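See below for the structure under consideration.
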Amino acid sequence: DTEVTQTPKHLVMGMTNKKSLKCEQHMGHRAMYWYKQKAKKPPELMFVYSYEKLSINESVPSRFSPECPNSSLLNLHLHALQPEDSALYLCASSQGLAGGENEQFFGPGTRLTVL
Amino acid sequence: LAKTTQPISMDSYEGQEVNITCSHNNIATNDYITWYQQFPSQGPRFIIQGYKTKVTNEVASLFIPADRKSSTLSLPRVSLSDTAVYYCLVGDPYNQGGKLIFGQGTELSVKP
C-alpha cells in the first residue's frame, strides 16, 4: 500500500466552526507533513511530525492545530478560520525526513472553503 | 536559505524532449534536489531525486552540475499526459536556518 489518504475531499465551513482534516498512511513512514496550497502557487510547508512528535511548525497561526495520534494518522484541527485560509490542504509522508534522501508521498488533498 | 527559481511556463509537442531548469544558488551542503509533478486537484507526485551529477530513472533524468547551483529535469519524448506543473524542491528544514521550499513551479503544456 503506497497510498496516503485524506478525508474529507471537500469541506465548507463558517468562521465560527470547528472541523478536522484527517490523513492516513500505512507505509510505515515515520515522518508526516501538512502543506497548504493556494491556487496557482506551490505547496507551503505548515507542520512536520517525526516519530509522532511535532518537530517543525512554520509559524502557523494557532487556529490550525495538528495532532498525530499514532504513526499512521495525522489530523489537522481547524477553529475560527478566516476566508483567506481557503486552500487545498495536502498531507504527505516519508520514510525519513524530507530534505535528505527521502521522497514524500502526497495525499490528494482536502479542498477547504471558509465562508 | 535555498530559494529556487524556475520558468513559469513551457510549451512542447508530443514526442519532444523537455528540459526544465531550476536555479538554487544558496543550496546547502546537505540538501538534496527533488522534482515533483502535479496535476490539477491532485497532490504532487515524486519524479526523481539527486544530489550531484546525473540520475536517471524510468521516467526522467536529472542533471546537476558540479557547483549544484542549478538542476535540470529532462523528460524524454513527452506525451499529452505529461501536461502538468513541475516543481523542484530543495532544502533541509532540520539544518539551522534550513527550509523545505518548493520552487514556483513550471506549467508544462504538451500539444499534439
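The values are calculated or read from the model by the stated rules, or taken from the named source; none is laboratory data. As the structure is a prediction and not an experimental result, all values here were calculated from the model. All Cβ positions, glycine included, derive from the backbone under ideal geometry; neighbour counts span all protein chains shown.
Structure notes:
- In region A:29-45, the residues that are touching a residue at least 24 places away in the same chain (Cβ under 8 Å) and either closer than 17 Å to A:ASN102 by Cβ or surrounded by 14 or more Cβ atoms within 10 Å (Cβ to Cβ) (or both): A:HIS29, A:ARG30, A:ALA31, A:MET32, A:TYR33, A:TRP34, A:TYR35, A:LYS36, A:GLN37, A:PRO43
- Of all residue pairs spaced 6 or more apart or on separate chains, those with beta-carbon atoms under 7 Å, a first member in region A:59-88 that is more than 23 Å from A:LYS41 (Cβ to Cβ) and a second member that is among the acidic types (Asp, Glu) and part of a strand (DSSP E or B) are A:SER72/A:GLU24; A:LEU73/A:GLU24; A:ASN75/A:GLU67; A:HIS77/A:GLU67.
- Meets criteria (surrounded by 20 or more Cβ atoms within 10 Å (Cβ to Cβ), within 14 Å of another protein chain (Cβ to nearest Cβ) and among the β-branched types (Val, Ile, Thr)) for B:ILE8: no
- Members of region A:69-115 found to be closer than 30 Å to B:GLY50 by Cα, polar (S, T, N, Q) and out of contact with any Ser or Thr (no Cβ under 8 Å at 6 or more places or on another chain), listed by number: A:SER71, A:SER72, A:SER93, A:SER94, A:GLN95
- Of the strands (runs of 3 or more DSSP E) lying entirely inside region A:1-101, those carrying at least 1 residues that are among the β-branched types (Val, Ile, Thr) and within 20 Å of B:SER41 (Cβ to Cβ) are A:4-7, A:10-13.
- Criterion violated by A:GLY100 - all others in (1) within 24 Å of B:VAL90 (Cβ to Cβ); (2) out of contact with any strand residue (DSSP E or B) (no Cβ under 6 Å at 6 or more places or on another chain); (3) more than 7 Å from chain B (Cβ to nearest Cβ) satisfied: (3)
- Unique residue being under 18 Å from A:GLN37 (Cβ atoms) and out of contact with any Ser or Thr (no Cβ under 6 Å at 6 or more places or on another chain) when the list is B:GLN6, B:GLN16, B:GLN42: B:GLN42
- Some residue of region A:33-40 being within 26 Å of B:ILE8 (Cβ to Cβ), more than 14 Å from the chain's Cα centre (by Cα) and either of a type outside the set (Val, Ile, Thr) or at pLDDT below 90 (or both): yes
- Residue check, B:GLN37 within 14 Å of chain A (Cβ to nearest Cβ), polar (S, T, N, Q), surrounded by 13 or more Cβ atoms within 10 Å (Cβ to Cβ) and in contact with a Pro (Cβ under 9 Å, 6 or more places away or on another chain): yes
- A:CYS91 touching a residue at least 60 places away in the same chain (Cβ under 8 Å), in contact with a Cys (Cβ under 7 Å, 6 or more places away or on another chain) and closer than 22 Å to B:GLY105 by Cα: yes
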